[in-house]
Amino acid sequence: MPAAGFPLAVVDVRGFDREALIRNVALPAVLPAALLDGLRIVDRFRPDVVLGVGGYVMAPAVAAARLRRIPYVLQVSEAGGLANRLFRAGAAAACVTFPGDLEGFRTRRTVLTGYPLRPGFAPRTPEVPPRRLLVMGGSQGARRINQVVWSMLDDLLDGFEEVVHLTGAQGELESVRHRRPGYRGLAYSDDMPGLMAEADLVLCRAGVGTCAELTAAGLPAVLVPGTFAGGHQERNAAEMVRAGAAVRIADAELTPETLVRTLNELKPDRLRAMAEASARLGRPGAAQAVLDVLQEVAAARSTRAVPEREPEPEPSVEPRG
């Protein structure tokens, strides 16, 4: 953040562990101190509006905003997240990622903005049949996806001119062992717009950022949603499949045989339809749309036009961006 020109303040806070409850014993001691830190930051900065982007780290600042009667906006990437559920009742607005969230995440005002991305993503028409396969498992890689790809790499290179594989740091050394013409293994890349500009088909997890990048580029995908963190990737994958932009393979069912069968089922007409559906979901203007909502909420506060919230209002839903 400082390198990008923004001041940074940090709080000592941790999230609620749903899988190992014993790890939550320290929360009663951590949370009050985190709230005090949030109050100090908010009092020092004196914001017109607070943006919460999901996850437990936002809780101290958003709770402080509520106590100080400062309007806050939620940028919702995971509608079922605990922090989002906790704070949505008092939110001035919620900026949601998927069309299903317009009704599924009810607030005073719910706006379909999409998920903000870094600049550089642009829709393109992937080649059919696909020539380049991009494989990635998120910033940490994905062990199951890695192992399946390496075990059937010869078959993949028979079907694709190039396989670009983001392995994660833990898979970097293993990818070197499989180096051969047509295969490019990378531990990590900060040029996702460039990689997606070259890809025709993507095999990946179903994180919300990944899905937003796929749709911003208009790419068809084979999604293998992760089962961690409450299984929120399953919901992302379901939205993509429902729209016709992707097909899904369950993590436990991903094998060389199921992957070959799935790829063989992706006939040219289906791939073209998936790419078109992906592009329709894409919202490359999401960052500006979220900013527009923040400015509107801040302006309403400055003119004392933000109404008091009535119990259980009918939500206002609107697309943006």
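When you go through (1) in contact with a Phe, Trp or Tyr (Cβ under 9 Å, 6 or more places away or on another chain); (2) surrounded by fewer than 22 Cβ atoms within 10 Å (Cβ to Cβ); (3) farther than 19 Å from ALA122 by Cα; (4) touching a residue at least 60 places away in the same chain (Cβ under 8 Å) one by one for LEU157, which number turns out not to apply?
(4) is the only condition that LEU157 fails.
Just to be sure I understand, how many residues within the stretch 214-249 are over 19 Å from ARG132 (Cβ atoms) and either modelled with pLDDT under 95 or part of a helix (DSSP H, G or I) (or both)?
Final tally of qualifying residues: 19.
Out of VAL111, VAL128, VAL148, I need the residue that is in a loop (DSSP other than H, G, I, E, B), touching a Pro at 6+ places or on another chain (Cβ under 8 Å) and not polar (S, T, N, Q). Which one?
Numbers: VAL111 fails: in a loop (DSSP other than H, G, I, E, B); VAL148 fails: in a loop (DSSP other than H, G, I, E, B).
None of the others qualify; the one that does is VAL128.
Can you tell me which residue among ALA65, ALA26 is modelled with pLDDT of 95 or more, over 24 Å from the mean Cα position of the chain (by Cα) and not assigned by TED's automatic domain parsing to the domain that holds ALA212? Spell out how you get there, then give the answer.
Working: ALA26 fails: modelled with pLDDT of 95 or more.
Going through ALA65, ALA26 in turn, just one is modelled with pLDDT of 95 or more, over 24 Å from the mean Cα position of the chain (by Cα) and not assigned by TED's automatic domain parsing to the domain that holds ALA212: ALA65.
Would you confirm whether any residue within the stretch 265-278 is in contact (Cβ under 8 Å) with a residue 12 or more places away in the chain, surrounded by 14 or more Cβ atoms within 10 Å (Cβ to Cβ), touching a Lys or Arg at 6+ places or on another chain (Cβ under 6 Å) and assigned by TED's automatic domain parsing to the domain that holds VAL224?
No; the residues of the stretch 265-278 include none that is in contact (Cβ under 8 Å) with a residue 12 or more places away in the chain, surrounded by 14 or more Cβ atoms within 10 Å (Cβ to Cβ), touching a Lys or Arg at 6+ places or on another chain (Cβ under 6 Å) and assigned by TED's automatic domain parsing to the domain that holds VAL224.
The rows are residues; the columns are (1) more than 26 Å from PHE228 (Cβ to Cβ); (2) more than 20 Å from the chain's Cα centre (by Cα); (3) of a type in the set (S, T, N, Q).
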{"site": "SER175", "(1), (2), (3)": "no, yes, yes"}
{"site": "PRO181", "(1), (2), (3)": "yes, yes, no"}
{"site": "PRO193", "(1), (2), (3)": "yes, no, no"}
{"site": "ALA197", "(1), (2), (3)": "yes, no, no"}
{"site": "LEU203", "(1), (2), (3)": "no, no, no"}
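Select, from GLU161, GLU174, the only residue that is over 19 Å from MET192 (Cβ atoms), of a type outside the set (S, T, N, Q) and out of contact with any helix residue (DSSP H, G or I) (no Cβ under 8 Å at 6 or more places or on another chain).
Values: GLU174 fails: out of contact with any helix residue (DSSP H, G or I) (no Cβ under 8 Å at 6 or more places or on another chain).
Just one listed residue meets the conditions, GLU161.
Look through the stretch 240-275, keep the residues that are under 18 Å from the mean Cα position of the chain (by Cα) and β-branched (Val, Ile, Thr), and return whichever of them is nearest to ALA221 (Cα to Cα).
Ranking the candidates gives VAL247 first.
Hey, among the residues in the stretch 136-145 that are assigned to a helix (DSSP H, G or I) and of a type outside the set (Val, Ile, Thr), which one's surrounded by the most Cβ atoms within 10 Å (Cβ to Cβ)? Can you show your working first?
Start the filter on the stretch 136-145 by keeping residues that are assigned to a helix (DSSP H, G or I), which leaves 143-145.
Add one more test, that the residue is of a type outside the set (Val, Ile, Thr), and what stays is 143-144.
Details: ARG143: 13, ARG144: 15.
Going through the qualifying residues, I end up with ARG144.
All but one of (1) crowded, with 22+ Cβ neighbours inside 10 Å; (2) modelled with pLDDT under 90 hold for LEU133; which doesn't?
Every listed condition holds for LEU133 apart from (2).
If PRO315 satisfies every condition in (1) at pLDDT below 95; (2) crowded, with 18+ Cβ neighbours inside 10 Å; (3) not β-branched (Val, Ile, Thr) but one, which is the exception?
Against the list (1) at pLDDT below 95; (2) crowded, with 18+ Cβ neighbours inside 10 Å; (3) not β-branched (Val, Ile, Thr), PRO315 comes up short only on (2).
Against the definition (assigned to a loop (DSSP other than H, G, I, E, B) and out of contact with any strand residue (DSSP E or B) (no Cβ under 9 Å at 6 or more places or on another chain)), how does GLY120 come out, yes or no? Give the steps one after another, and end with the answer.
Values: assigned to a loop (DSSP other than H, G, I, E, B): yes; out of contact with any strand residue (DSSP E or B) (no Cβ under 9 Å at 6 or more places or on another chain): yes.
So GLY120 fits the description; yes.
The values are calculated or read from the model by the stated rules, or taken from the named source; none is laboratory data. Predicted model only: the values in this text are computed from it and were never measured. When we count neighbours, we look across all protein chains shown, and the Cβ atoms used for this are built from the backbone with ideal geometry, even at glycine.
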